[in-house]
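What follows is a single structure, written as structure tokens, with notes after it.
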Amino acid sequence: MMQADWEIKTRAHSCAHTGYKFQEGDFFYTSLIREGDGFRREDLCESAWKERNPNIQPFSFWRSKYEPPAPAAPEAFAKDDAEGLLRRLIEESHPSHKNACYILALMLERKKMLRPVESRDDDMLVYEHIVTRETIVIANPHLSFDQIPDVQREVGALMEPGA
């Protein structure tokens, strides 16, 4: 697993091509373009999207409505919640956490905190955080049904206080 595949890419507040500062309610397009070992995120206003080079095919893209950033959280994410644990494991970028990151992402998707984004690569899952609009790319470990209980126990142990 390449470290760049685990990076969280934050939504821009202006168009990557025109510099236009997005206003609340503006629609814009996000595209993920594979570069080397990772991905480059580009947020484009609608006019720039229409004028983009059609020969450059993104790995994934989607349309969103711009919402101004939420006020900063008073403190870091709690270590015992699923989102905080996922962020910590992504930051640590250890290959042994691949399965746990996958299960945590599914948990956050069920809680409607992450929204899946269509991807052309079955080995990569792309999510957008509902509140922060961050892009999160997770490796798909292609777990079998009989592996899931063990990974769920692993995640439960990681969420225990003091883990």
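Give me a count of the residues in segment 139-161 that are among the acidic types (Asp, Glu), modelled with pLDDT under 90 and not in a loop (DSSP other than H, G, I, E, B). Residues flagged as among the acidic types (Asp, Glu), modelled with pLDDT under 90 and not in a loop (DSSP other than H, G, I, E, B) within segment 139-161 amount to 1.
Selection over segment 14-28 of residues that are in a strand (DSSP E or B) and out of contact with any Leu (no Cβ under 9 Å at 6 or more places or on another chain) gives a count of 3.
Listed here are the strands (runs of 3 or more DSSP E) enclosed by segment 29-138 that have at least 1 residues being surrounded by 18 or more Cβ atoms within 10 Å (Cβ to Cβ) and among the hydroxyl-bearing types (Ser, Thr, Tyr): 60-65, 124-129.
Quick check: anything in segment 140-153 touching a strand residue (DSSP E or B) at 6+ places or on another chain (Cβ under 7 Å) and in the same structural domain as GLU92 (by TED's automatic domain parsing)? Yes - at least one qualifying residue is present in segment 140-153. Restricting attention to segment 16-37, and to residues there that are within 22 Å of the chain's Cα centre (by Cα) and charged (D, E, K, R), which single residue is modelled with the lowest pLDDT? If we take residues in segment 16-37 being within 22 Å of the chain's Cα centre (by Cα) and charged (D, E, K, R), then ASP37 is modelled with the lowest pLDDT.
Considering only segment 47-71, state which residues are in contact with a strand residue (DSSP E or B) (Cβ under 6 Å, 6 or more places away or on another chain) and without any contact (Cβ under 8 Å) to a residue 24 or more places away in the chain. Within segment 47-71, just TRP49 meets the criteria.
Just one of the listed residues (LEU158, LEU108) is out of contact with any strand residue (DSSP E or B) (no Cβ under 6 Å at 6 or more places or on another chain) and either more than 23 Å from SER14 (Cβ to Cβ) or not assigned by TED's automatic domain parsing to the domain that holds ARG34 (or both), namely LEU158.
The values are calculated or read from the model by the stated rules, or taken from the named source; none is laboratory data. This structure is a prediction, so every number in the text was calculated from the model and none was measured. A quick note on method: Cβ atoms are made from the backbone with ideal geometry, for glycine too, and the neighbour counts reach across all protein chains shown.
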